[in-house]
Amino acid sequence: MTDPQTAPLAGYTVGVTAARRADELGALMERKGATVVHGPAIRIIPLADDSELLAATTRLVEDPVPVDVAVATTGIGFRGWVEAAEGWGLGDRLIAALGRSRVLARGPKAKGAVRAAGLTEDWSPESEASAELLAHLLEGGVAGKRIAVQIHGEPLREFIDALRAAGADVVEVPVYRWTGPADPGPLERLIEAVLGGQVDALTFTSAPAAASVLETADRLGRFDQLVTTLTDRVLVVGVGHITAAPLTRLGIPVVCPERARIGALVRELAVALPARAQRFTVCASEVELRGQAVVVDGDLRPVPPAPMALLRALAADPGRVLSRPALVGVLRRHSGREVGVDEHAVETAVGRLRAALGAPGLVQTVVKRGYRLAVPVP
């Protein structure tokens, strides 16, 4: 028997869109009881094959104009840049060029990567925020200065544009660029599962992944439906506010931890998702509706999708009778089919629901009227 108290995500299905560290993220969720569905939304272009990164690096080491300021935005990105440069035979020249500049690091991981390369950062914002880093640069004046900005994934458009508007010559260094997945099948199936009510939360660890999910839904003709589903029903969790930006711009609420870390994302998920559970008393039994399961008196009981759709309809107003025709409509909306779903299908689904709950009396038949949950009616 699963103890839901020790597994806060038991009974929930969580979608993972990450490409990098997806296994680690999924394992953390599974330890908390979640069922994980993986649909990678992006693919990282190998550094050694990235012609844009090579061109930017070559420009920095060969151009006689010196770099005044170098900005390291992420630890993995800065390390990857240095390693790629070493592979191209440009490592020593890159370190020498950066060593003659002021190096700014956005956060502790970027700071660690800078020091690992034998360099020393001049300044790092306590908030780890790009906005504070930008304000520091603009306050010191950037007109006429050459600034190299290491970019990791999502282009820092506002950051770059603000520097250029202030008169800086900005060299963008695109490290770990992302494109769509090589095989879009898993992502398409994840989106369909989200729309079909089979996923309770969707997680994002990068803004490009969020943008890719939206683009894929648009290509499938499901954009509006996905936005509505993510807004109204599915919990969306992002590792940080930058990651969440493509979604929040559409009005989709996104829960983010205070610190942009994978572990913090899972901890936030393990609090926010159970908080959405519906709880009530039926026939003296304590019932909790989780995503794809029900907890009855502390016992976690998985419920198949169609019976769960009926249970949610009955639980929307516990004790109220729902007619068979009304429940036919519930099953049709759930299945997406207008034909082949009739009152016999309702009776079958109710039978499966009672079996799954392990207590047939929780769902009552009201003769000639329909079904209800067996809760006291005032």
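The values are calculated or read from the model by the stated rules, or taken from the named source; none is laboratory data. Only a predicted model underlies this, so the values are computations on that prediction, with no experimental measurement involved. Reconstructed Cβ throughout: ideal geometry from the backbone, glycine too, with neighbour counts over all protein chains shown.
Listed residues ALA306, ALA277; which is in contact with a strand residue (DSSP E or B) (Cβ under 6 Å, 6 or more places away or on another chain) and closer than 25 Å to GLY15 by Cα? Answer to the check: ALA277.
Conditions tested, residue by residue: (1) within 30 Å of VAL194 (Cα to Cα); (2) under 27 Å from the mean Cα position of the chain (by Cα); (3) crowded, with 18+ Cβ neighbours inside 10 Å.
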site	(1), (2), (3)
GLU62	no, no, no
VAL65	no, no, no
GLY77	no, yes, yes
TRP81	no, yes, yes
GLU132	no, yes, no
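Only residues that are buried (at least 16 other Cβ atoms within 10 Å of the Cβ) and without any contact (Cβ under 8 Å) to a residue 40 or more places away in the chain were counted in the range 94-109, giving 10. Counting only residues that are assigned to a helix (DSSP H, G or I) and within 32 Å of the chain's Cα centre (by Cα), which one in the range 318-336 is nearest to PRO376 (Cα to Cα)? Here the residue is VAL330.
Does ALA293 count as modelled with pLDDT of 95 or more and either within 22 Å of GLY15 (Cβ to Cβ) or not assigned by TED's automatic domain parsing to the domain that holds VAL350 (or both)? Let's see the steps before the verdict.
On the way: modelled with pLDDT of 95 or more: no; either within 22 Å of GLY15 (Cβ to Cβ) or not assigned by TED's automatic domain parsing to the domain that holds VAL350 (or both): yes.
Considered against the rule, which asks whether it is modelled with pLDDT of 95 or more and either within 22 Å of GLY15 (Cβ to Cβ) or not assigned by TED's automatic domain parsing to the domain that holds VAL350 (or both), ALA293 comes out as no.
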